[in-house]
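Here's the structure we're looking at; comments come further down.
The values are calculated or read from the model by the stated rules, or taken from the named source; none is laboratory data. Source: prediction; values computed, not measured. So basically every Cβ, Gly included, is an ideal-geometry build from the backbone, and we count neighbours across all protein chains shown. Just the protein is used for accessible areas: all its heavy atoms, side chains included, with ligands, DNA and RNA removed. Shrake-Rupley method; radii C 1.70, N 1.55, O 1.52, S 1.80 Å.
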Amino acid sequence: MERKWWKEGVVYQIYPRSFMDSNGDGIGDLRGIISKLPYLKELGVDIIWLCPVYKSPNDDNGYDISDYKDIMDEFGTMKDWEELLDEMHHLGMKLIMDLVINHTSDEHPWFLESRSSKDSAYRDYYIWRKGSKDKEPNNWLGCFGGSAWEYDNATGEYYLHLFTKRQPDLNWDNPKLRGEIYDMVRWWLDKGIDGFRLDAINCISKGPETLEELPQDSIERWGGLHFMDKPLVHHFLHEMNERVLSEYDIMTVGETPGVTPEDGILYTAEERKELSMIFQFELMDLDVGPKGKWDIVPWSLDDMKASITKWQLGLQEKGWNSLYLNNHDQPRMVSRFGNDTTYRKESAKLLATLIHTLQGTPYVYQGEEIGMTNVAFESIEQYRDIETLNYYHYGIHEKGLDPKDVMRAIHIKSRDNARTPMQWDCSRNAGFTSGTPWMDVNPNYTEINAKNEIHDPDSIFNYYKKLIGMRKALPVVVYGKFELIEQCKSPLFVYTRSLENQKLLVALNFSEDKRQLKLPEDILLESYSLILCNYANRLERNESANLMLPYEARIYLLE
Ligand code: GLC
Ligand code: CA
């Protein structure tokens with residue numbers, strides 16, 4: 001397998017609006033990020049994924065871009081951005097930008113032109129279909145509720161939007177549009193960035209099926225599901241790679257909901273020259289019921305193990321995956337897959353151990369490294385996310401759901417769980433801003449904050465540092481082959497990674513109970529050394545190695 005910096009690095013994802021506010025307007029910004037680079041350096045991460053900072057009316061917090069070549073006023077200026085890039089490079093970190101090219105904002109000049117007339121030179125930059133005044137071209141839903149089609153008075157036709165109605169989808173079948181996108185991509189690469197995260201990239205090819213109806217009341221009605229992984233996607237990505245990306249030493253990660261490992265290989269196999277890695281969603285679906293995201297069902301460790309094993313074996317030596325358990329679109333991982341009360345520290349470290357010992361590139365989402373948790377705001381007024389607000393309004397006003405049930409689902413699943421301001425210290429507003437934050441801070445900041453974490457040698461933060469350091473020191477962590485130890489049944493999750501004569505053994509106890517660890521006969525613990533454990537002093541205490549404590553995570557090395 002070819003060695004690459006983006007396989008060996010650790011990505012840290014910044015959601016700028018909530019990271020650090022430098023000027024007291026309550027909104028995180030670029031200068032705020034610059035001021036926190038030493039913190040990230042200390043953590044040891046080497047690649048930063050910056051969520052969108054381009055000009056945007058912020059219908060979907062920057063994922064609706066109105067000018068690809070300028071910076072959002074609230075975040076600062078292009079000069080600030082250049083300083084951020086310089087400073088990161090100076091510290092030995094790389095920057096990847098979020099590239100949102102499935103759609104633009106409805107305020108993008110292309111769309112303003114496109115909607116102005118059927119004869120506009122830009123008409124075909126977007127996807128327009130006839131319908132009748134009160135019937136959409138078909139029954140597809142947008143991802144955030146409501147129809148995927150919006151009627152536009154000016155020309156009496158509908159445009160397609162897989163996300164909000166202020167995010168019209170681009171028409172990738174148009175070679176002129178593609179040319180403009182590639183030019184813009186080159187423009188950013190020439191500024192010296194180190195790559196891109198490509199938003200919803202497996203949905204860009206819409207194909208001729210645009211007018212098909214989908215079965216009523218099935219989750220399948222989300223139009224996006226119908227567009228994913230169409231054959232032309234690969235043609236487009238390969239074209240972009242040939243025409244631009246291949247000229248630079250960069251990493252690209254494609255956000256690809258719904259893909260299988262076979263698709264993953266098509267996107268990331270080196271010889272196909274499309275993307276460096278994918279960002280797939282299977283673990284994010286473990287608690288999703290038949291009616292979609294808000295239909296919450298319990299997740300099971302057996303399903304998690306099956307999914308991880310499938311992907312580890314499926315991409316081994318053929319492709320490359322991203323490893324994550326949360327991001328700006330998902331609840332906090334310790335609340336979702338761990339225990340955010342009694343065993344918050346232990347389970348946060350256990351989940352981190354999992355992510356940092358699998359094959360793929362690990363992603364740390366801001367605040368994860370200090371064990372930030374979900375938030376349960378009392379009032380819908382405290383929420384900001386368009387998806388959450390739409391769900392609330394559709395749920396209560398159109399579907400007649402009980403507001404209590406709706407709020408309960410929001411507490412578990414809202415994207416705002418991950419978007420509350422970063423908790424830096426125990427001063428007012430968690431040290432995030434001197435003004436009024438754009439969204440309330442999670443009230444647990446007096447206990448959970450970066451300052452406490454940095455000073456406590458046994459903290460989650462300091463455990464992440466060790467995990468990241470281990471990745472740098474041991475090639476087996478990056479390149480080793482994965483093997484599940486099937487004999488160790490849930491709630492234990494035990495596996496090995498092997499590379500030449502190095503072998504790693506990882507044992508995780510996903511429960512609040514003590515558990516016996518019974519390994520197969522060919523694994524002799526005596527010949528391994530314990531190199532990391534989430535219970536302090538476990539190494540010295542020399543307690544029975546066969547007993548795993550609640551949420552205990554151990555990494556052994558055989559050399
Ligand atoms: C991606 C982003 C999400 C955004 C959506 C539309 O899924 O991660 O935040 O809302 O695309 O751009
Ligand atoms: Ca600010």
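Given contacts defined as C-alpha pairs under 8 Å and at least six residues apart, what's the relative contact order of the range 480-558, whole-number percent?
Working: 147 pairs, mean separation 27.0, N = 79.
Over the range 480-558, the number comes to 34 percent.
Please give the per residue accessible area of the range 76-117, computed with a probe of 1.4 Å over protein heavy atoms only, in Å². Walk me through the numbers on the way to the answer.
On the way: 1590 Å² over 42 residues.
Spelled out: the 1.4 Å probe surface of the range 76-117, per residue, equals 38 Å².
Pairwise over distinct Cα atoms, reciprocal of the mean inverse distance: report the Kirkwood radius of the range 109-160 in Å, one decimal place. Don't skip to the answer; put the middle values down first.
Working: mean 1/r = 0.0884 Å⁻¹.
Computed over the range 109-160, the radius equals 11.3 Å.
Can you tell me the length gained on complete extension of the stretch GLU317 to PHE281, counting 0.36 nm per residue apart and subtracting the Cα distance?
In short, 10.9 nm is gained.
Ignoring ligands, DNA and RNA, what accessible area per residue does the range 480-558 give at 1.4 Å, in Å²? Display every interim value, and only then the final one.
On the way: 3960 Å² over 79 residues.
Accessible surface, normalised per residue, equals 50 Å².
Let me know the charge dipole size of the range 480-558 about its Cα centre in debye, to the nearest 20, where only the beta-carbon of Lys, Arg (+1) and Asp, Glu (-1) is charged. Don't skip to the end; give the middle numbers.
On the way: 10 positive and 11 negative charges, 27 e Å.
Value, rounded to 20: 120 debye.
Give me, ordered by chain and number, the residues 5 or more places off VAL364 or on other chains with an amide H under 5 Å from its own placed amide H.
Sorted by chain and number, the residues that satisfy this are VAL11, TYR12, GLN13.
Would you kindly calculate the translational diffusion coefficient of the range 304-356, applying Stokes-Einstein with the Kirkwood radius from alpha carbon pairs, for 37 °C and a viscosity of 0.692 mPa s, and quote it in µm² s⁻¹ without decimals? Intermediate results must be reported in sequence, preceding the final value.
Working: Rh = 12.3 Å.
Using the Kirkwood radius from Cα pairs, D works out to 266 µm²/s.
P(r) of the range 351-493 in 5 Å steps, Cα pairs, percent per bin?
P(r) over the range 351-493, rounded to whole percents: 2, 9, 14, 14, 14, 13, 12, 11, 7, 3, 1, 0.
Explain nothing, just the number: relative contact order of the range 109-160, from Cα pairs under 8 Å at least 6 residues apart, as a whole percent.
On the way: 76 pairs, mean separation 17.2, N = 52.
Computed value for the range 109-160: 33 percent relative contact order.
In the chain, if every C-alpha pair distance is counted and binned at 10 Å from zero, what percent goes to each bin?
3, 17, 28, 28, 17, 5, 1, 0
Just want the answer: with Cβ charges of +1 for Lys and Arg and -1 for Asp and Glu, which residue in TYR158, PRO137, SER114 is farthest toward the dipole's positive end in the range 109-160?
Positive-most Cα among the choices belongs to PRO137.
For the chain, what is the calculated [θ] at 222 nm in deg cm²/dmol (nearest 500), taking -39500 (n - 2.57) for each run of four or more DSSP H residues and dividing by its residue count? Write down the numbers at each step before the final one.
Values: 18 runs with 161 residues, N = 559.
Computed ellipticity for the chain at 222 nm equals -8000 deg cm²/dmol.
Can you give the relative contact order of the chain as a percent, counting alpha carbon pairs under 8 Å and 6+ residues apart?
About 13 percent, as a whole number.
If you average 1/r over all unlike Cα pairs in the range 302-418 and invert the result, what Kirkwood radius do you get in angstrom?
When all Cα pairs of the range 302-418 are included, the Kirkwood radius is 15.9 Å.
Could you please state how large a percent of the accessible area of the chain is carbon and sulfur, counting protein chains only and using a 1.4 Å probe?
Working: 10530 of 21570 Å².
The computed percentage sits at 49.
Express the C-alpha Rg of the range 323-385 as a ratio against the empirical globular expectation 2.2 N^0.38 Å, rounded to two decimals. Can you show the working numbers first?
Details: Rg = 12.7 Å, N = 63, 2.2 N^0.38 = 10.6 Å.
Cα Rg divided by the expected 2.2 N^0.38 Å: 1.19.
Based on the Cα atoms of the range 480-558, what semi-axes does the equivalent ellipsoid have, where each is the square root of 5 times one gyration tensor eigenvalue, given in whole Å with the largest first?
Equivalent ellipsoid semi-axes, largest first: 19, 15, 11 Å.
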